[in-house]
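Here's the structure, in structure tokens; my notes come after.
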Protein chains: 2
Amino acid sequence: MTTPLRLGIAGLGTVGTGVVKIVRQKANLLTARSGRPVLITAVSARTREKDRGVNISDYAWEDDPVALAKRDDVDVLVELMGGSDGPAKAATEAAIAHGKDVVTANKAMLAHHGQALAEAAETAGCVIRFEAAVAGGIPVVKALTEGLAGNDITRVMGVMNGTCNYILTRMQSAGLPYAEVFEEANQLGYLEADPTLDVGGIDAGHKLSLLASVAFGTQVNFDGVELEGIERITIDDINQAADMGYRIKLLGVCQMTGRGLEQRMSPCLVPATSPLGQLEGGTNMCVLEGDSVEQIVLRGPGAGEGPTASAVMGDVMDIARGFRISTFGQPAAGLSPAKPAKAVTPAPYYLRLALEDKPGALAKVAKVLGEAAVSIDRMRQYQHSDTTAPVLIVTHKTTRASLDEALAAMSRLDVLAGKPVALRIETV
Amino acid sequence: MTTPLRLGIAGLGTVGTGVVKIVRQKANLLTARSGRPVLITAVSARTREKDRGVNISDYAWEDDPVALAKRDDVDVLVELMGGSDGPAKAATEAAIAHGKDVVTANKAMLAHHGQALAEAAETAGCVIRFEAAVAGGIPVVKALTEGLAGNDITRVMGVMNGTCNYILTRMQSAGLPYAEVFEEANQLGYLEADPTLDVGGIDAGHKLSLLASVAFGTQVNFDGVELEGIERITIDDINQAADMGYRIKLLGVCQMTGRGLEQRMSPCLVPATSPLGQLEGGTNMCVLEGDSVEQIVLRGPGAGEGPTASAVMGDVMDIARGFRISTFGQPAAGLSPAKPAKAVTPAPYYLRLALEDKPGALAKVAKVLGEAAVSIDRMRQYQHSDTTAPVLIVTHKTTRASLDEALAAMSRLDVLAGKPVALRIETV
């Protein structure tokens, strides 16, 4: 009846296979909802012969994803290969050059080349959609770009790397040190080939940079993301933060301030009773704040075949329905450069120090904090069995500059054993 | 540059005023995001002269919302008057008859007339959007209809009446009886003029019937919603459910089963540690389950000027961007009749009984449960100061028919003081 929408799938890993299954199994549903058939005409992957548990023999095969992208019988390139450059970028560029829309799950590619790709797509009259690139099955890009389109977005926060959240919550529930849970996650296949992408916060940072662009109408600026991984979080930090009523999360935060755009992906403390604090295991959560809507919290699976394929299909269905929207919610040419804020918004901080067991040690620490105008909200000194005493401090709201000044002064004292740990407490 | 989208606002209460504010204050943002100016050309309300804290003197005034809907300089009727019939329905019908799109926050109108209005709109080539009608600022209709468009939806749950959730959580936190908190809510202006709409579950039932249509491709069937309010929930129920690790919520659940469509809006027990269980105060929450996406949880403010206006503007912006979608996610003519399920999905139940203080009383109760094939998971008998003993029972999963059989048999025993309370425990 109406013209079918013809997909070319590049990449038949977990997500690609999931997309093929949905398109094969739900033909009637997809047609009823979009008003036209949604078909796969061609596929491309590294290996043709491989049992994927799904029949791909009906589809044309291309060894080269660029050739797939150029095919006359492909309307939409569904790019599920990954990688910031290489074949993914080449195929995406080829698709755009040939007037095809692109649906991608590739956060790295868009974090690095989002602006250029968006400009090319819009010049060519094509759309690029990337719901699956951020927070798996959670339709967060749609919520921000469309659902909250009447809001000035004030802040976006997210726990968007399930592996990190698994590691942090597993450390707490099992009382295990970081290295042991890291190894466990590795055995379970939760980690990327290069684990720094996960535990170094890079993967989640990519996602944050995309949300920031959509939220604030700025050009994607991954280099502007202040990145810190979870590698130095100890079981002591987790336990002691819990004692103070907090949980440690690898939390992404972006907000537009008078000083520029803040983008931070770092371990933060959040109240244990907040939705973010209660998030366990590999689940993702995004918190969207707008001047009208106040706060919306979205929670769901951050990875996996079904959830990620669901996000891909959401984008495909929008295209099938004829929804045309600029890649980052407004025309790429109009996005403003994302000027990174020179200083982050003041916040309370959690400090963990190991004090030498000397008279007056605590007084010296308190003094340098006071001199740097960092005031103490709560403090605890724990019982100690060796020559050092663990001390936890929750400060009142302070600038990072004051805190850094205090930490530098502390390190010049002769009372600290080891480097103090300082973690931001994010108000949620 | 491009043609403006011209709104006619019918109803200038809290939400209408909020919409006027957004359109006035965010002209540039709305234009940047939608690619065209979004303007208000005309308004209508009961009283023209009233200080709404917003300037409406630029807009044409209509005493009659039907006249507003017909105006040549109105592209979209924004219907914010409320009421299932009367002026809201007349204005909506007039708008459609004159080829205008409609954005409405009116759950009652769509719960009762959604199918007819959707058919009329689609015949006329118009769209009706109603994000603001369900769960305030949460973009749940969009998430279901668009974001999860690649899923067979398996179940939708929601806490969608903030007043009821306020009452239930306030009862628990303050240890106050229902009547007292109801009066408190009344004083605070939280209740509808007819409070049965809130506490009787009708308002939330309206919303559930709309979500069911979108989720399952069925015609809206509000009459098919099994409705039960929160009026009979006592502070004892709340405290004793808490003792067993549960919270009581006015929970909407819809799911498609082999026996037909289940739509229930009733007080249910949910685990205290689940996102639904942790929901406090007036906040709303929707849980969307699909075969691919697994489970998505959306949380946000369920009412109020800003959040509801945000939802209205999300719909307006979609129209400004040229997104055209059938009212309930697929053409109204193709929606199947919603055949109500004859029996609800089996579940565990919570029972509260007051036993007469007689030897063998508990044995008799246990016997009738066993005879009806209802097996007991956990049981507690509390200390009692009078002649009756409170007994709490959590059953294993059972059919409602078996439970009703057991309850009927119990009532024929001579050991119960008062009617037993039975509440479903929803697996979340």
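Tabulated data
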item: Fraction of the pair-distance distribution of segment B:141-301 above 23 Å, Cα-Cα pairs, percent; result: 37
item: Taking N as its residue count, the alpha carbon Rg of chain B over 2.2 N^0.38 Å; result: 1.08
item: Label 7 Å beyond Cα on the Cβ vector: A:Asp64 copy-to-copy distances, nm; result: 6.9
item: 7 Å along Cα→Cβ, label-point gaps from A:Asp414 to other copies, nm, shortest first; result: 9.0
item: Pairs beyond 30 Å (Cα-Cα), from B:Lys342/B:Lys419; A:Lys339/A:Lys364; B:Lys21/B:Lys70; result: A:Lys339/A:Lys364
item: Peptide A:134-140, shielding by other chains (average Cβ, 10 Å cutoff); result: 5
item: Nearest 10 degrees, 0 to 90: helix B:14-25 Cα axis against chain B principal axis; result: 40
item: Relative contact order, percent, segment A:140-301 [alpha-carbon distance under 8 Å, six or more residues apart]; result: 34
item: Percent RCO, i.e. relative contact order, over chain A, from Cα pairs under 8 Å lying at least 6 residues apart; result: 16
item: Where the Cα pairs of segment B:49-203 fall when distances are cut into 5 Å bins, in %; result: 2, 8, 14, 16, 15, 15, 13, 9, 5, 3, 1, 0
item: Total formal charge among the other residues, if their Cβ is under 15 angstrom from that of A:Thr3, Lys/Arg +1 and Asp/Glu -1; result: 0
item: Magnitude of the charge dipole, the protein assembly as shown, Cβ model with Lys/Arg +1 and Asp/Glu -1, debye to 20; result: 200
item: Unit charges at the beta carbon, dipole of segment A:5-104: most positive-side option, A:Ser84, A:Pro65, A:Ala42; result: A:Ala42
item: Summed buried accessible area for B+A [probe radius 1.4 Å, Å², rounded to 100]; result: 3900
item: The protein assembly as shown: mean projected area of Cα convex hull, nm²; result: 39.6
item: B:Tyr166 accessible area, assembled protein chains, probe 1.4 Å, Å²; result: 40
item: Binned Cα-Cα distances of segment A:87-158, short to long, each 10 Å bin given as a whole percent; result: 18, 46, 30, 6
item: In degrees, nearest ten, helix A:202-216 long axis to first principal axis of chain A (Cα); result: 80
item: Choice from B:Gly150, B:Gly282, B:Gly114 with maximal GNM fluctuation in chain B (Cα, 10 Å cutoff); result: B:Gly150
item: Descending semi-axes in Å of segment A:349-425, equivalent ellipsoid built from Cα gyration tensor; result: 19, 13, 10
item: Inter-copy separations for B:Gln25, label at 7 Å along Cα-Cβ, nm, ascending; result: 4.6
item: Residue-averaged beta-carbon neighbours from other chains (10 angstrom radius) around A:321-327; result: 5
item: Most to least accessible of A:Thr104, B:Thr154 (protein chains only, probe 1.4 Å); result: B:Thr154, A:Thr104
item: Å² of accessible area per residue within the protein assembly as shown, as computed with a 1.4 Å probe and no ligands counted; result: 37
item: Partner aspartates and glutamates for B:Lys367 [C-alpha distance under 18 Å; skip if fewer than 8 residues away on the same chain]; result: B:Glu356, B:Asp357, B:Asp377, B:Asp404, B:Glu405, B:Asp414
item: C-alpha center-to-center spacing [segment A:192-213, segment B:180-241] in angstrom; result: 42
item: Test item: A:305-315 mean partner chain Cβ contacts at 10 Å; result: 5
item: In Hz, Karplus ³J(HN,Hα) per residue of segment A:159-173 (6.51, -1.76, 1.60; θ = phi - 60°; x = Gly, Pro); result: 9, 10, 10, x, 4, 4, 5, 4, 4, 5, 6, 5, 3, 5, 5
item: Calculated [θ] (222 nm, deg cm²/dmol) that DSSP helices of n ≥ 4 give over the protein assembly as shown, each run adding -39,500 (n - 2.57); result: -10500 deg cm²/dmol
item: Carbon/sulfur fraction of accessible area - chain B, other protein chains in place, 1.4 Å, %; result: 50
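The values are calculated or read from the model by the stated rules, or taken from the named source; none is laboratory data. This one's a predicted model, so the numbers in the text were calculated from it and none came from an experiment. No Cβ is skipped: glycine too gets one built from the backbone with ideal geometry, and neighbour counts run over all protein chains shown. What goes into the accessible areas is simple: the full protein's heavy atoms, side chains included, and nothing from ligands, DNA or RNA. Shrake-Rupley method; radii C 1.70, N 1.55, O 1.52, S 1.80 Å.
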